[in-house]
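Here the structure is laid out as structure tokens; the discussion comes afterwards.
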Amino acid sequence: MATGLGQGIAGVALDGRGKAYVGRKDGGGKLHEVDLADRTHRVVTSLAGASTIRVALDGVGRAYTIDHASGSLYENTLADGAQRVVATGLGTCEGLALDTVNGWIYVSNREGQLWQIDQRAAQALGGVGKVVP
């Protein structure tokens, strides 16, 4: 479907409208948007010093990514590439899922924990969200 995404590509999420979002384990935390129809791609954002090992879409223009090394969860705006840290201290992150109906973000880690982050509280605060192990 696409070439030139670089080494170490990782998580993939589909938006249901013909685009795929591909994360990377390395390479400055780049998040790529791939147009599945014409097979072109662009870099949505680059998280300096972080990875985008997993990607989840919220359906309203944001992608959430985790950095497995720093234990951080990022919110990325797809339209302009804006980014912010939603939560930190999550351990060695491995998995990511969104429950958009109930407003929860779930992150699993190598240490055997599943974290639940309140998506609405994180947005309302404009900073680091409430983490409930």
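Is it fair to say R17 is closer than 25 Å to E111 by Cα and open to solvent by 70 Å² or more (accessible area, probe 1.4 Å)?
Taking the combined requirement at face value, the residue does not satisfy it.
The set of residues in the range 22-52 being outside any loop (DSSP other than H, G, I, E, B) and over 17 Å from V86 (Cβ atoms) consists of V22, R24, K30, H32, E33, V34, D35, T40, H41, R42, V43, S46.
Report, by residue number, each residue of the range 41-84 that is in contact with a strand residue (DSSP E or B) (Cβ under 6 Å, 6 or more places away or on another chain) and open to solvent by 50 Å² or more (accessible area, probe 1.4 Å). Once the filter is applied, which keeps residues that are in contact with a strand residue (DSSP E or B) (Cβ under 6 Å, 6 or more places away or on another chain) and open to solvent by 50 Å² or more (accessible area, probe 1.4 Å), the range 41-84 yields H41, R42, V43, S46, R54, R62, Q83, R84.
Going by the conditions given, is G6 more than 24 Å from T100 (Cβ to Cβ), surrounded by 12 or more Cβ atoms within 10 Å (Cβ to Cβ) and without any contact (Cβ under 8 Å) to a residue 60 or more places away in the chain? Spelling it out, G6 is indeed more than 24 Å from T100 (Cβ to Cβ), surrounded by 12 or more Cβ atoms within 10 Å (Cβ to Cβ) and without any contact (Cβ under 8 Å) to a residue 60 or more places away in the chain. The set of residues in the range 101-133 being closer than 27 Å to R42 by Cβ and modelled with pLDDT of 90 or more consists of I105, V107. Of the residues in the range 55-72, at least one is within 16 Å of D99 (Cα to Cα), among the aromatic types (F, W, Y) and either in a strand (DSSP E or B) or in contact (Cβ under 8 Å) with a residue 40 or more places away in the chain (or both). Within the range 86-101, being in contact with a strand residue (DSSP E or B) (Cβ under 6 Å, 6 or more places away or on another chain), hydrophobic (A, V, I, L, M, F, W, C) and in a loop (DSSP other than H, G, I, E, B) holds for one residue alone: L90. Candidates in the range 101-115 are the residues that are over 14 Å from the mean Cα position of the chain (by Cα), surrounded by 14 or more Cβ atoms within 10 Å (Cβ to Cβ) and not aromatic (F, W, Y); of these, the one that is nearest to G23 (Cα to Cα) is N109.
The values are calculated or read from the model by the stated rules, or taken from the named source; none is laboratory data. Source: prediction; values computed, not measured. No Cβ is skipped: glycine too gets one built from the backbone with ideal geometry, and neighbour counts run over all protein chains shown. Side chains included, ligands, DNA and RNA excluded: accessible areas come from the protein's heavy atoms. Shrake-Rupley method; radii C 1.70, N 1.55, O 1.52, S 1.80 Å.
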